[in-house]
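*Asks:* Just dropping this structure here.
The values are calculated or read from the model by the stated rules, or taken from the named source; none is laboratory data. Note that the structure is predicted; figures quoted are calculated from it, not measured. With ideal geometry, Cβ positions are generated from the backbone for all residues, glycine too; neighbour counts draw on all protein chains shown.
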Amino acid sequence: MIFESFPVGPFQCNCILLACEETRTAVVFDPGEESDEILGRLARLQLKAAFLFHTHAHLDHVGATEAVRAKTGAVTGLHEEDMPLCENLSIQAALFGLPTPPVPIIDRFLKHGDSFSFGKEKIEVIHTPGHTPGSVSFHVPTVGLLTGDTLFAGSIGRTDLWGGSYPTLIESIQKRLLSFPDQTAVYPGHGPRTTIGRERGGNPFLI
């Protein structure tokens, strides 16, 4: 497995690139900003992006999607319940005084339990609403969990923005993320990696 995680944009969203070493088929998760950096990494590693998948549709997670899609032809994926956020990037940008990126074309609505293959690797979609209605996490068996802004190292996603719900977020984490073994690696949408065991035993929002 080829694995690269790098922060992009003013909010330092973790854009994650995974690829099958044998086929060089790649998935880009949360292309939030800096399309040139994302495209440059794909080119340097000689990878073909098959999918651009999103944990949710906040501006810092989808800002570069359309630029990367236009260059790669990759299939874009987002949960349908986050389409109102995706379609209103101008409102999101105005809240932070930022320029509005192009609204991305979404090719496929992701659903809980969906499974995708890229080369010899697989991805499972886990609906984890709470931060936004359509927030999802991704389970990649050879890597771990990509949790977006649902679960962080020592924290959880904020729920005071549009569509957020604290009870729903906690339920998502407890029922759908903490069901994984303690050793499962967790790669959040911002900040450092952690593990399910570390969060189960030490995250102040979960104990």
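*Asks:* Determine if the range 53-67 includes at least one residue that is surrounded by fewer than 22 Cβ atoms within 10 Å (Cβ to Cβ) and over 21 Å from Cys86 (Cβ atoms).
*Replies:* Within the range 53-67, not a single residue is surrounded by fewer than 22 Cβ atoms within 10 Å (Cβ to Cβ) and over 21 Å from Cys86 (Cβ atoms).
*Asks:* Val186 fails exactly one of the following numbered conditions: (1) of a type in the set (A, V, I, L, M, F, W, C); (2) over 28 Å from Leu89 (Cβ atoms); (3) in contact with a helix residue (DSSP H, G or I) (Cβ under 7 Å, 6 or more places away or on another chain). What is the number of that condition?
*Replies:* (2)
*Asks:* Return yes or no: is Glu37 under 20 Å from His139 (Cα atoms) and either assigned to a helix (DSSP H, G or I) or of a type in the set (Asp, Glu) (or both)?
*Replies:* Against the criterion (under 20 Å from His139 (Cα atoms) and either assigned to a helix (DSSP H, G or I) or of a type in the set (Asp, Glu) (or both)), Glu37 does not qualify.
*Asks:* Here's something else I'd like to know. Return yes when Gly32 is modelled with pLDDT of 95 or more, assigned to a loop (DSSP other than H, G, I, E, B) and more than 22 Å from Pro141 (Cα to Cα) and no when it is not.
*Replies:* yes
For every residue, the table says whether it meets (1) touching a residue at least 60 places away in the same chain (Cβ under 8 Å); (2) of a type in the set (D, E, K, R); (3) out of contact with any strand residue (DSSP E or B) (no Cβ under 8 Å at 6 or more places or on another chain).
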residue	(1), (2), (3)
Ala19	yes, no, no
Asp36	no, yes, yes
Ala49	no, no, no
Ala64	no, no, no
Thr72	no, no, no
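*Asks:* Mind listing whichever residues of the range 175-192 are within 16 Å of Ile126 (Cα to Cα) and either in contact (Cβ under 8 Å) with a residue 12 or more places away in the chain or touching a Cys at 6+ places or on another chain (Cβ under 9 Å) (or both)?
*Replies:* Arg176, Leu177, Leu178, Phe180, Pro181, Thr184, Ala185, Val186, Tyr187, Pro188, Gly189
*Asks:* So which residues in the range 101-126 are surrounded by 14 or more Cβ atoms within 10 Å (Cβ to Cβ) and of a type in the set (Val, Ile, Thr)?
*Replies:* Val103, Ile106, Ile123, Val125, Ile126
*Asks:* Could we say that Ser172 is among the polar types (S, T, N, Q) and free of Cβ contacts under 8 Å to residues at least 24 places away in the same chain here?
*Replies:* no
*Asks:* Let me ask something additional. List the strands (runs of 3 or more DSSP E) that sit entirely inside the range 60-168 and contain at least 2 residues that are of a type in the set (Val, Ile, Thr).
*Replies:* Qualifying strands (runs of 3 or more DSSP E): 75-79, 121-127, 136-140.
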